[in-house]
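Colleague: Before we start, here is the structure in question, set down as structure tokens.
The values are calculated or read from the model by the stated rules, or taken from the named source; none is laboratory data. The structure presented is a predicted model; accordingly, all values stated were derived computationally and were not measured. So basically every Cβ, Gly included, is an ideal-geometry build from the backbone, and we count neighbours across all protein chains shown.
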Amino acid sequence: MKKITFILAVIGMITLGSCTVNEDNDTVDNDTISEVFELRNVNFAFDAVNGYNIYRTLNPQIFPSDAILIYRLSGTIDSSTPIWQPIPRTLFLNQGELDYDFDFSKEDFTIYAGGNYDLSLTPNFLNNQTFRIVIIPGFFSNKSSAKVDFNDYDAVVKAFKIDETKIISMQ
């Protein structure tokens, strides 16, 4: 009886030891891939309820555990070096304070511009704005995100291995 048990154990170990998981297949793992979308040269719309805002739907929707980071192009050092400011952000202008903020759900996001003065006096902060929307999968929340400086767009791109040549333009 001991020999039969031993033989079955050896066969079981050989059989189970030869099993592998192929993670190098061509399927897309949507729950662990960071993505970046760009809104280029967009204008804030005004409505009496929400003030100045930019609203977009997400297609496809993100997972409920995912997070969104938004950065505003505030200038450039040269033609190949943009300066990205994280939102929320308060700008202190001669006219007063201008605040950029956002909210999001798994279906959409809204970027807001508000302030303590008439924002129409500074159209250069409302028109032809460019934003980068970074989707961070919830999978990363317990991994490396504690070490990432989310105020630094370049640090986020590096930490989440985002390929900037694959940034998707959003209208």
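Colleague: Does Arg89 fit the bill of being in contact (Cβ under 8 Å) with a residue 40 or more places away in the chain and surrounded by 13 or more Cβ atoms within 10 Å (Cβ to Cβ)? Step through it out loud before you land on a result.
Modeller: Values: in contact (Cβ under 8 Å) with a residue 40 or more places away in the chain: no; surrounded by 13 or more Cβ atoms within 10 Å (Cβ to Cβ): yes.
Criteria not met by Arg89.
Colleague: Further question on the same structure: Being surrounded by 15 or more Cβ atoms within 10 Å (Cβ to Cβ) and either modelled with pLDDT under 90 or over 20 Å from the mean Cα position of the chain (by Cα) (or both) is the filter here, so list the residues in region 67-83 that pass it.
Modeller: Scanning region 67-83 gives no hits.
Colleague: In the set Lys158, Lys106, Lys147, which member is surrounded by 11 or more Cβ atoms within 10 Å (Cβ to Cβ), without any contact (Cβ under 8 Å) to a residue 40 or more places away in the chain, of a type outside the set (Val, Ile, Thr) and more than 23 Å from Tyr52 (Cβ to Cβ)? Full working, then the answer.
Modeller: Details: Lys106 fails: without any contact (Cβ under 8 Å) to a residue 40 or more places away in the chain; Lys147 fails: surrounded by 11 or more Cβ atoms within 10 Å (Cβ to Cβ).
Testing whether each residue is surrounded by 11 or more Cβ atoms within 10 Å (Cβ to Cβ), without any contact (Cβ under 8 Å) to a residue 40 or more places away in the chain, of a type outside the set (Val, Ile, Thr) and more than 23 Å from Tyr52 (Cβ to Cβ) leaves just Lys158.
Colleague: Quickly run through region 90-102 and pick out the residues that are over 17 Å from Thr130 (Cα atoms) and assigned to a strand (DSSP E or B). Walk me through how you get there before you give the answer.
Modeller: Going through region 90-102, the residues over 17 Å from Thr130 (Cα atoms) turn out to be 92-97.
Those that are over 17 Å from Thr130 (Cα atoms) and assigned to a strand (DSSP E or B): Phe92, Leu93, Gly96, Glu97.
Colleague: If Lys106 satisfies every condition in (1) touching a Pro at 6+ places or on another chain (Cβ under 9 Å); (2) not in a loop (DSSP other than H, G, I, E, B) but one, which is the exception?
Modeller: (2)
Colleague: Which of the residues belonging to region 47-64 are modelled with pLDDT of 95 or more and assigned to a loop (DSSP other than H, G, I, E, B)?
Modeller: The answer is none; no residue qualifies.
Colleague: Exactly one of these conditions fails for Tyr100: (1) closer than 30 Å to Ala48 by Cα; (2) surrounded by fewer than 11 Cβ atoms within 10 Å (Cβ to Cβ). Give me its number.
Modeller: Just one mismatch for Tyr100, condition (2).
Colleague: Next up: Checking the condition among the aromatic types (Phe, Trp, Tyr), modelled with pLDDT of 90 or more and touching a strand residue (DSSP E or B) at 6+ places or on another chain (Cβ under 9 Å), which residue from Phe150, Phe131, Phe160 passes? Let's see the steps before the verdict.
Modeller: Values: Phe150 fails: modelled with pLDDT of 90 or more; Phe160 fails: modelled with pLDDT of 90 or more.
The conditions single out Phe131.
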